[in-house]
1. Order the peptides B:74-85, A:145-156 from the highest to the lowest mean number of other Cβ atoms within 10 Å of their residues.
2. Suppose the chain between B:K143 and B:A25 were pulled fully straight at 0.36 nm per residue; how much longer would it get relative to their current alpha carbon spacing?
3. Rounded to the nearest 10 degrees, what's the angle between the helix B:478-488 long axis and the longest principal axis of chain B, both from Cα atoms, 0 to 90?
4. For chain B, what does the relative contact order come out to in percent, with C-alpha contacts under 8 Å and a separation of six or more?
5. Going by accessible area, probe 1.4 Å, with all protein chains left in place, what is the ranking of B:M59, B:M88, largest first?
6. With a 1.4 Å probe on protein heavy atoms only, tell me which residues of the stretch A:61-93 lose at least 50 Å² of accessible surface in the complex relative to the chain by itself.
7. What shape does the stretch B:1-142 take by its C-alpha gyration tensor, where a ≥ b ≥ c are the square roots of the eigenvalues and a/c under 1.5 counts as rounded, a/b above b/c as prolate, and the rest as oblate?
8. Quick one: helix B:87-102 against the long Cα principal axis of chain B, what's the angle to the nearest 10°, folded into 0 to 90?
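The values are calculated or read from the model by the stated rules, or taken from the named source; none is laboratory data. Everything numeric in this text was worked out from a predicted model, so none of it was measured. Neighbour counts are summed over all protein chains in view; Cβ atoms, including those assigned to glycine, are modelled from backbone coordinates with ideal geometry. For accessibility, only protein heavy atoms count, side chains too; no ligands or nucleic acids. Shrake-Rupley method; radii C 1.70, N 1.55, O 1.52, S 1.80 Å.
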Amino acid sequence: MAHDHDHDHDDGPAEPKGPGLAERTYFVPLIKGLANTLHHMFRVDANTQHYPEQRRAPAPGYRGEHRLKRDELGREKCVACFLCSTACPAHCIEIVAEEAPWSDREKRPRLFNIDMMRCIYCGMCEEACPCDAIELTPVFNIPSRTRGEKIYDKERLLSN
Amino acid sequence: MSEATNPETPLVNWVLNGQPVQSPAGMTIFEAAKALETTIPNFCYHPGLTIAGNCRICMVESNRSKKPVISCSERIAEGLEIQTESPMAIEARNAVMEFQLINHPLDCPVCDKAGECDLQDYSYDHGPDRSRFDEEKNIRHTKELGPTIDIWGNRCIVCTRCVRFCDEISGTGELCVVERGDRSVVDVFPTVPIDNPLAGNVVDICPVGALISNDFKFEARIWNMRKTDSVCAGCARGCNVEVQSLDGFVKRLVPRENMEVNKWWMCDEGRYDYRYLLADERVTACTKDGEPVEDHDAHETLAHWLQDPGGTLGILVDPYITCEEAFLVEQIASHANNALVGGWKPADGTAQSFPGQFTISGEKAPNRLGVEAVLGKLVFGSQGHALRTALEKGQVSTLIVFAGFPHPDPDDAWVQAIRKAKRRAVFALQAGAWTEGAGLVIPGASPFEKDGTYANEDGRLQRVRSFHAPGDVEWSHDLQRLQAVLRIAGLRPRSLSSSAVFRELADVKKPFHGLSHSTLPATGAPLPGFIPLPVGVEGGSV
Ligand code: SF4
Ligand code: SF4
Ligand code: FES
């Protein structure tokens, strides 16, 4: 394509006609744009939300920040099976397992980090979990000052 | 197995899945089918153990029986017709799987076998996707069977592979099956834990996650690990292993089948001996006179030393260097006016043989024969003596030491001797007696991090590979460092891969003639004409 203009064959396509005077002065488009702006400025049915004073409730099933769930005794439900990190297409879940101190299960995560900057919020981890221990909450406003804060550790995920 | 290779064995005509086939007489249906590339599921069958025939998952349809037969113990015969995938065979296996899963805890998410578990695999093919069993599952013991091995009884399918292993291969007989019916489970006799030098193998052969190695428990999931085919450096046997690592850390070693060397097994000493990779003493950066220096500066310094050794150049090798590294050592020596090459090797231990035709070598280093094949048969003998005498007399001005021995067990006579050299460069795995007071210390690679070849005690040349992913390693291997030094010193035009160095070696060293990394079989190749091999070993010579 880039070479099309280099060819000077007689039978080549005719040169397109350049823009006319009206277009080259940009006067008409300018007026049109301004009219559009003014139209929206004085619209009465504006549905702009005044975030953050006004907030819209996320749709059901909205996938935001993760949470690690707790069981009735307040312990993490996660058994460190690594299925979420296996399912995760962004490879952003890091787990290190250890022996659980409780008699009803063998394993628990010693380390559970999610790199929220790599996460694509697809929800695969939630789907893969056999213990219903991880879920995506509707929380979407999750700013932070540093990149480091965006790596959520176990405590942070449990407290969500 | 041997029947299959013996040309005298008569052939039997039989029919497998509608295809007329021929197999040597005496084979079981399972083995004959496997040789013809038809796999039949199996739990209790293991090629290295006697036939037990207790799991029944290997059932197939036969024209000689109204009921399905177990292929692992029935033998082929003239006119036998076997269907492995007929509705009857499949239904039989489905029923076996349903029974196996009745009491199984289905705890794959926390089971360390998940990902390489036969029960898991077969339940995809044959398992019902839900259980018809409404009653309570029974509970069997979870306990320690020995210092390295735990049993999770609920998972056991009582195939008795582990019991047979202890009876037939290690010959120690610690394990037994206790209780009856659906409560049967593997246990040890009171006060006799399973603690034999081959114990770790029962974990590998357990087809489910019932036997778990304490060392690997909860360490990693199977599918996440990087797997590298290499060779164990624990002794001169050179068992074939798969090094399984995660993020640059070795997590476990498992044996690879090599009928010429280790069959299906390896010993615990080799299996658990990889922690030194992470030892605090591990040398990870170059130092010059005790001060950290850049790699390049260290290489340059050593190159200058080689260009001007200021007298006699001594090179002390150990049986941990690969054949390729030994070849570079020889190049260095051949360019020096006055060079002495000698070898040191760790003290011999005791050799151990087991009833299952498995031996642990008494020689506790991986490559003495390989180094001798390159540097001469006397390198660990009189040449070593000559080097030590020269060192003790203070006649060596520049000394290069290869200290790849993974355990801090200095040989005092040598340690005293090397101190007498005017200057010393050490390729060291660990800081310690060898590196103390050395002018130059360069990080050495462990056998699991090297790329090259080792020759085992039978003179079988085998490939070792680094478990690190390319680009993962923070330090280069000895072979690359040596080449860098040689390049700076002007002794080699450029650095090459270990395969290319081996090609040069094969060109000039007789035992290696005709060999190359790419044509070396997975089972290794005997170095021809170098040492006589035991009678009966295939390819043996001289
Ligand atoms: S939402 Fe998707 S990308 Fe994010 S952690 Fe879960 S699986 Fe990974
Ligand atoms: S522990 Fe494993 S190898 Fe031993 S009988 Fe049970 S399932 Fe078989
Ligand atoms: S493999 Fe044949 S009965 Fe177990």
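1. B:74-85, A:145-156
2. 38.0 nm
3. Compared with the principal axis, the helix lies near 30 degrees.
4. After rounding, I find 11 percent.
5. B:M88, B:M59
6. Correct list: A:F82.
7. Judged from the Cα gyration tensor, the stretch B:1-142 comes out prolate (a/c at least 1.5, a/b above b/c).
8. For helix B:87-102, the angle is close to 70 degrees.
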